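Comments concern the structure below.
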Amino acid sequence: MKRTLQSLMLGSCLALMQGCVATSNSFTFTADLPPDFAYVASVYYVPAKGQTCTVPRADNRVSQFNREWRTEYKPDAQIEIRRTRKGCELVIDYVELEINATYGKDWGDLGREYARVSVREELPETVKGTFNAAGESEFSGQCQWLFRTSGGLRRLVKILDCKKTDASGELLKTRPFAAYTLDELPGKTVKMKIKLADEERPYMKDTWVKVPGGWKRCMGKGFEDQYAFCYGNYKDFSTFRMPGGRICTIYPGCTEDKEVTP
């Protein structure tokens, strides 16, 4: 009977008295995130090199970590590198990272972005991630909140925008991303480090005007005008509602203290 890759690795190390140590079949993924941030990791596999088999999706369901991130979040995930399904040898292809960040108490007060860790048999040196002497590798990114208003009451909502940063901290055009080869991952640790930009900015241009203390929302044609571009009118502004229900005229420097039911 054909032996799986896992059984071959373990079987070769039965003689522990001779000092043999089993090869790890996993790596640790972890994340350093700002407050109120969490990630969900979805792991995807493909047939190993040389395999001609295929595995139905029902038998190769995506491994997922932190699915219940609101209540059971854990920063560390132990991710399997190779596995067998229906007799087919599979290897990790990529890890999709869903970055979730909350900015209010309502269920929908949420921003979401994505990052990825890809794994290949071979990679150019310019692309491949590197590990330090402790077996750790880190890739970085920066997220920024983009704000806008929505609905007839002009409730303030936020969109999360995340970009990869290079070694010097400069923002790149792509989302946070890292790539590694199969043979370098066993027993290692990969960390995603995300910072939050100090300032937020409007989601759409020419809809808010910068003033001392923050931004004012242009009125447009009225509250029914969902886009409400300024179009040169920098005198007529509207109020808006914060996620908690407060009616404000400036964001984020809201000085009004009146609370209303959202």
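One table, with the values for the structure above:
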read-out: Unmet criterion (only one of (1) surrounded by 13 or more Cβ atoms within 10 Å (Cβ to Cβ); (2) assigned by TED's automatic domain parsing to the domain that holds ASP32) for TRP215; value: (2)
read-out: Selected residue (only one of VAL190, VAL127, VAL119 is closer than 28 Å to TYR44 by Cβ, in contact with a helix residue (DSSP H, G or I) (Cβ under 7 Å, 6 or more places away or on another chain) and in contact (Cβ under 8 Å) with a residue 12 or more places away in the chain); value: VAL119
read-out: Which listed residue, of VAL91, VAL62, is of a type in the set (Val, Ile, Thr), in the same structural domain as CYS162 (by TED's automatic domain parsing) and touching a helix residue (DSSP H, G or I) at 6+ places or on another chain (Cβ under 7 Å); value: VAL91
read-out: Test result for MET17, at pLDDT below 95, surrounded by 14 or more Cβ atoms within 10 Å (Cβ to Cβ) and part of a helix (DSSP H, G or I); value: no
read-out: Residue list for segment 218-227, filter: crowded, with 16+ Cβ neighbours inside 10 Å and either of a type in the set (Ser, Thr, Tyr) or touching a residue at least 60 places away in the same chain (Cβ under 8 Å) (or both); value: PHE223
read-out: Residue in segment 218-238 that is within 30 Å of SER137 (Cβ to Cβ) and part of a strand (DSSP E or B) present; value: no
read-out: Qualifying residue in segment 57-77 (condition: more than 20 Å from ALA178 (Cα to Cα), surrounded by 17 or more Cβ atoms within 10 Å (Cβ to Cβ) and at pLDDT below 95); value: yes
read-out: Yes/no for CYS230 being buried (at least 18 other Cβ atoms within 10 Å of the Cβ), farther than 26 Å from ASP36 by Cα and of a type outside the set (Asp, Glu); value: yes
read-out: Subset tally (residues that are among the polar types (S, T, N, Q), more than 16 Å from the chain's Cα centre (by Cα) and assigned to a strand (DSSP E or B)) for segment 64-100; value: 2
read-out: Scope segment 250-262; condition assigned to a loop (DSSP other than H, G, I, E, B) and either at pLDDT 95 or above or surrounded by fewer than 16 Cβ atoms within 10 Å (Cβ to Cβ) (or both); matching residues; value: ILE250, GLY253, THR255, GLU256, ASP257, LYS258, GLU259, VAL260, THR261, PRO262
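The values are calculated or read from the model by the stated rules, or taken from the named source; none is laboratory data. Everything numeric in this text was worked out from a predicted model, so none of it was measured. Every residue, glycine among them, receives a Cβ derived from its backbone with ideal geometry; neighbour counts consider all protein chains shown.
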